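What follows is a set of notes on a single structure, which appears directly below.
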Amino acid sequence: MPYRRVASYLAKIIGIFLLSLGALPALAGENLRIAVAASLQPAFEELKPVFTQQTGLMIEPVYGASGIFVAQIQEGAPFDVFLSADTDYPVALQQAGLTANAPKVYAYGSLVLWALPDIDLNQRVAVTLNHPKVKRIALANPQLAPYGQQALNVLDYYQQRQGVQAKLIYGESISQVTQFIVTEQVQLAFTAKSVVLSPRFQAKGHWIEIPAESYQPIGQGAVILKYGATHHPEAAKRLMDFLFTPPAQTILERYGYRLP
């Protein structure tokens, strides 16, 4: 009898252990599909493997303009989490009942003026915008990208919008703005500090940080979407929590973000 009791007890323990093993791969094998603001791409490419190493969860990021993602999510696009370049877009989704939680600011972004090597950046912003060699100035579409909207605020602050209107070239997102400057289709570009600090682009031209008082703070919001809460609730929460851990915050700081 004692032997049978011990054997039965061990069988139960082994059964529970095997069930727990079976549950782990189910979570670890989940793929999270994340809508990620294009300005966050350089930093997120470093965040992604750290998150996977810590959790076993795989991430499939899709990069683009925050405004475009809002339209896609409203049409039912299967994203689990939305990492916007502002808080207004996530709040709009929350008000439409398409999120599982209130947006939370994971970082504050900064605007820079990025230039080709032969453009002098040692002058005031207004002087630089009117440099004789500057024929085209790129910024992200302000109707879709928060950094583009803040670039317009900079132009208004320095009373330059009307004077440089004919020079402005609009990219769909920060990614397209990057292509404009890297391929030298423009001489100046308003972009995110996170982009110019990327190792990939550090040797491309030069840049100056735009004074913070000339535009509104760029608080970037993260939110779990209804799709994520329904299909991958635990995994989506793990990603949200990860953004506020020391390893993630260290990476964000390295890319020029200020922490909330």
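Scanning the stretch 140-168 for residues that are part of a strand (DSSP E or B) and within 17 Å of the chain's Cα centre (by Cα) yields one hit, Ala140.
Name the residues in the stretch 237-260 that are assigned to a helix (DSSP H, G or I) and among the polar types (S, T, N, Q), would you? Within the stretch 237-260, Gln249, Thr250 qualify. For the stretch 100-109, a residue qualifies if it is surrounded by fewer than 23 Cβ atoms within 10 Å (Cβ to Cβ) and either touching an Asp or Glu at 6+ places or on another chain (Cβ under 8 Å) or not aromatic (Phe, Trp, Tyr) (or both), and the qualifying residues are Ala100, Asn101, Ala102, Lys104, Val105.
Kindly indicate the residue of the stretch 136-194 that is of a type in the set (Ser, Thr, Tyr) and touching a strand residue (DSSP E or B) at 6+ places or on another chain (Cβ under 9 Å) and also surrounded by the fewest Cβ atoms within 10 Å (Cβ to Cβ) among those meeting that condition. The selected residue is Tyr170. Within the bounds of the stretch 221-234, is there any residue that is charged (D, E, K, R) and at pLDDT 95 or above? Scanning the stretch 221-234, I find at least one residue that is charged (D, E, K, R) and at pLDDT 95 or above, so the answer is yes.
The values are calculated or read from the model by the stated rules, or taken from the named source; none is laboratory data. Note that the structure is predicted; figures quoted are calculated from it, not measured. We place every Cβ from the backbone using ideal geometry, glycine too, and count neighbours over all the protein chains shown.
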